[in-house]
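Student: Attaching a single structure in structure tokens format; questions to follow.
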Amino acid sequence: MPLKNQLTVKELLLKRQLENIIDEKLILMDAKELGARVEESRVREYIRSLPEVRTTFNGDLANFLVAKGISYGQLYKEIEENLLFRAIIRQRVLPKVRVPPGEVGQDYQRNI
């Protein structure tokens, strides 16, 4: 049983998940303030290419939306934010990440 000031594993996981959501929202707010956008055609193409829409629903987006219980607008916004978030990470974060060449091989060997 955890002590009064210790969090349970479930509480720690929920806390981390909440922190991730907050981080993502802050990054999206920053991106929007900078005027970053995702082209509408890119969002629409991504929606059309969703594997579950193509396979399970044979390309029928309307049935997919009904099954998921969401509107097209909700799906569009979620995809748009996801693409924007990934673009900002690629643009601002990944260029700053440096992994020494030997470290990749060492890590691979440790985790085969």
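The values are calculated or read from the model by the stated rules, or taken from the named source; none is laboratory data. Bear in mind that the values here come from a model prediction, so they are computed numbers and not experimental data. All Cβ positions, glycine included, derive from the backbone under ideal geometry; neighbour counts span all protein chains shown. All accessible areas refer to the heavy atoms of the entire protein, side chains included, with ligands and DNA or RNA removed. Shrake-Rupley method; radii C 1.70, N 1.55, O 1.52, S 1.80 Å.
Student: Mind grabbing the accessible area of R90 for me, 1.4 Å probe, Å², rounded to tens?
Tutor: Here the accessible area works out near 120 Å².
Student: FRET efficiency for L50 and V93, Cβ-Cβ distance as r, R0 = 25 Å, nearest 0.05? Let's see the in-between values first.
Tutor: Values: r = 25 Å, r/R0 = 1.01.
Given R0 = 25 Å and the Cβ-Cβ separation, E is 0.50.
Student: Rounded, prolate or oblate: which fits the range 33-112, taking a ≥ b ≥ c as square roots of the Cα gyration tensor eigenvalues, rounded meaning a/c under 1.5, else prolate when a/b beats b/c? Can you show the working numbers first?
Tutor: Values: a/c = 3.64, a/b = 1.67, b/c = 2.17.
It comes out oblate by the Cα gyration axes.
Student: Sort out for me the Cα centre separation of the range 75-101 from the range 5-74, rounded to whole Å.
Tutor: 13
Student: Separate question: Across the range 5-112, how many lysine pairs separated by 8 or more positions, or lying on different chains, have Cα atoms within less than 16 Å? Let's see the in-between values first.
Tutor: Numbers: K15/K25; K25/K77; K32/K77; K68/K77.
Lysine pairs meeting both conditions in the range 5-112 amount to 4.
Student: Between D107 and E33, how many nm apart are label points set 7 Å from Cα along the C-beta direction?
Tutor: 3.0
Student: Another question about this same structure. Using the Cα centre as the reference, give the magnitude of the dipole from point charges on the C-beta atoms of the chain (Lys, Arg: +1; Asp, Glu: -1; all else neutral), rounded to the nearest 20 debye. Walk me through the numbers before you get to the answer.
Tutor: On the way: 19 positive and 16 negative charges, 47 e Å.
Charge dipole, the chain, about its Cα centre: 220 debye, nearest 20.
Student: Just how much of I70 is accessible, in Å², when a 1.4 Å probe is used and the result is rounded to the nearest 10?
Tutor: I70 has an accessible surface of roughly 50 Å² with all protein chains in place.
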